[in-house]
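Below is one structure, written out as structure tokens, with a few remarks after it.
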Amino acid sequence: MEENSQYLQRAVAKILSVLELPSLETFTDQNREISQVVSPKSVAERLQATIEPRLSRTAAMAMTREHSLEPEPSKIDDTLVSAPMGSLYEVTRLRNLRSNPNAKSGPRVVEDFISKGKVSEAEAEELFHIFSTSLNHYLWGGIALVHENLASVRQSSSLLLAAILSVTALHIPGRGKTFDVCYAELIALVCDSMFERYHVLDGIRGLCIGAFWLSDVSWKLSGHAVRIATELNLHQSYSRAIRGSQEHIEGARLWYFLYVCDHHFSIAYGRPPVIHENEIITHHERFLELPTITQADLRLHSQVALFLILTRVYNTFGADIQQTLSEESLVRLRHFNIDLDSWRIKWEPLLAPNRYVLSYPAKGVILHLNFGKLQVGALALRGMTHPSDLIPDRRELVGTAINCAMGILQMVLEDMDVRTSVVGVPIYLSTMITYSAVFLLKVHQKWGYFKIGTDPVLVRDLVTRIITLLTEVRAGERHLTGHIAVGLTKMLDRFTAWEEHEQSHAQHIPESRQGRDQTDQTGYDYPVDYSSFAWSGSELPFYDKNYLPIGFFDVLAPTFDVGNGDHR
């Protein structure tokens with residue numbers, strides 16, 4: 001009988017665990033009621049769900065109450081101005097109305113894809129070491145990782161673990177199988193996290209790490225991370241940290257990290273950012289007055305300051321990529337360029353070299369300055385259909401954009417600290433490189449006849465050298481560098497074919513016609529086959545936004561249609 005009683009107790013404990021009810025010891029004579037009657041069928045379904053694969057689980061809405069004591073009357077006044085859902089939780093005490101604000105660590109017993117033998121512990125240790133001493137420091141000095149060893153990560157968050165190993169395997173040649181295993185695990189964990197009630201900060205960090213490097217899911221992971229962060233009230237951490245709460249400093253730091261992650265991809269995709277520019281963001285430098293601030297914080301907040309400017313550009317001119325800017329708007333663009341110059345003057349001297357990425361922090365400021373000015377100046381061409389609109393102010397802005405695009409490519413090619421970072425820096429640098437190369441090719445093809453652009457020989461040389469660099473760097477086969485090289489090669493080949501066609505065509509135009517064209521540019525009929533920029537047959541279409549986000553600032557996109565036709 002005693003043995004049967006022990007079996008029964010273990011069975012009941014298992015049922016309570018699966019149903020997320022209090023442990024057996026809490027059911028004393030003074031607390032016998034369970035807030036919800038659960039049918040045997042429901043119990044069976046939930047027990048079965050624990051052994052089924054993730055994708056075949058049957059969901060059931062949990063309406064269980066918290067088993068903690070009701071709040072004391074003296075504490076009720078503190079919640080009078082809480083959000084409406086807070087009042088609903090206070091009355092019902094239903095667990096599914098809130099995330100667990102006290103969840104600070106992951107499961108105590110580690111059971112993950114390493115313990116299951118999908119990835120060996122030795123390989124996981126190797127990948128973690130590479131991430132912590134290299135890739136992690138491109139995320140502004142290590143904001144994304146607060147653990148010193150793999151064991152600590154495994155104890156904290158399987159999602160963070162999967163993100164770190166996936167991203168690292170992506171960068172190492174010959175680790176394709178490991179990447180596939182880790183990536184599949186990451187996606188499964190992300191899917192599970194969508195409906196989990198309790199979250200930890202390391203789960204958010206894992207989502208951000210994935211967003212910064214995994215191009216096909218970057219936008220989705222970024223948005224999911226922001227949603228979880230708001231459930232954990234990280235948007236409230238700043239005000240509490242400023243008031244002296246040490247425990248909220250990390251939450252505020254992570255909120256700024258999310259802001260940058262969100263804006264890296266929203267601006268590039270041409271989509272409205274999720275996190276808005278409220279006092280937390282506009283007054284972000286107050287956070288830097290706290291005594292625990294490091295170089296990592298300075299690097300991160302330089303990005304916050306940058307995206308404050310670029311977001312104003314987006315909000316000012318909207319996402320209508322066919323709207324031509326007025327002369328008044330051109331003046332505003334020049335002011336934004338001045339803001340970007342001021343940003344560089346302020347932040348570049350503050351960013352010290354990093355032992356792992358050398359002087360990349362300060363040089364990254366120059367890259368971002370050039371990319372910001374490229375995006376701003378490119379807007380001057382937006383919606384342009386007639387050469388008569390090429391007034392001097394517009395030409396000046398476009399000229400600045402062209403110089404900045406060339407500056408980005410030259411810096412990537414010639415500065416060793418930047419050149420070696422091509423494999424390592426998050427995909428935003430890949431966007432910079434690709435956008436710069438394509439912008440130069442497009443501008444010359446569309447507007448070169450009207451003396452806008454630069455020497456096509458120089459452009460071709462820069463793009464060719466970029467292709468060579470991206471082809472020669474060592475990375476995993478799924479890394480973007482190889483795909484970009486393939487795409488740019490096809491685009492450059494078609495650009496060259498177009499040039500040869502134009503030169504041949506010009507030789508057969510009568511001199512009288514050439515004279516009319518030069519004196520009356522407004523009547524020029526552009527002999528441009530825009531579909532020649534289509535990447536038919538490419539493994540990675542350039543305009544596949546899952547890989548290379550080109551949105552709001554791709555001002556020439558409507559002109560260069562993407563189809564399946566070859567150059568005619």
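The order of the peptides 286-297, 392-403 by mean Cβ neighbours within 10 Å, most packed first, is 392-403, 286-297.
Between D461 and S245, how high is the FRET efficiency from 1/(1 + (r/R0)^6) when r is the Cβ-Cβ distance and R₀ = 60 Å? Nearest 0.05.
Numbers: r = 56 Å, r/R0 = 0.93.
Calculated transfer efficiency: 0.60.
Across segment 120-137, rounded Karplus estimates of 3J(HN,Hα) from the backbone phi angles (6.51 cos²θ - 1.76 cosθ + 1.60, θ = phi - 60°) give 5, 5, 5, 5, 4, 4, 4, 5, 5, 4, 5, 5, 6, 10, 9, 4, 4, 7 Hz, Gly and Pro being marked x. Ranked by the mean number of other Cβ atoms within 10 Å of their residues, highest first, the peptides 436-448, 490-502 fall in the order 436-448, 490-502.
Here segment 121-232 has an Rg and Dmax of 12.9, 39 Å, counting Cα atoms alone. The peptide list 156-168, 423-435, put in order of mean Cβ contacts within 10 Å with the highest first, becomes 156-168, 423-435. Legend: distances between Cα atoms for K116/K177; K220/K363; K177/K363; K442/K490; K373/K490; K373/K451; pairs beyond 24 Å are K220/K363; K177/K363; K373/K490. Distance between Cα centroids, segment 417-445 to segment 326-348: provide it in whole Å. Distance between centres, Cα-based: 22 Å.
Here the dipole of segment 371-469 is about 300 debye; that uses its Cα centre as origin and unit charges on the Cβ of Lys and Arg (positive) and Asp and Glu (negative). Once both labels are positioned 7 Å from their Cα atoms along Cα-to-Cβ, the gap between R197 and R312 label points is 4.5 nm. Net length available on complete extension from T282 to E126 is 52.1 nm, with 0.36 nm assigned per residue and the Cα-Cα distance removed. Let me have the relative contact order for segment 360-452, percent, based on Cα pairs under 8 Å that are six or more residues apart. About 32 percent, as a whole number.
Laboratory data are not the source of any read-out in this text; all were calculated from the coordinates shown. Note that the structure is predicted; figures quoted are calculated from it, not measured. Don't worry about glycine lacking a Cβ; one is built from the backbone with ideal geometry, like all the others, and counts go over all protein chains shown.
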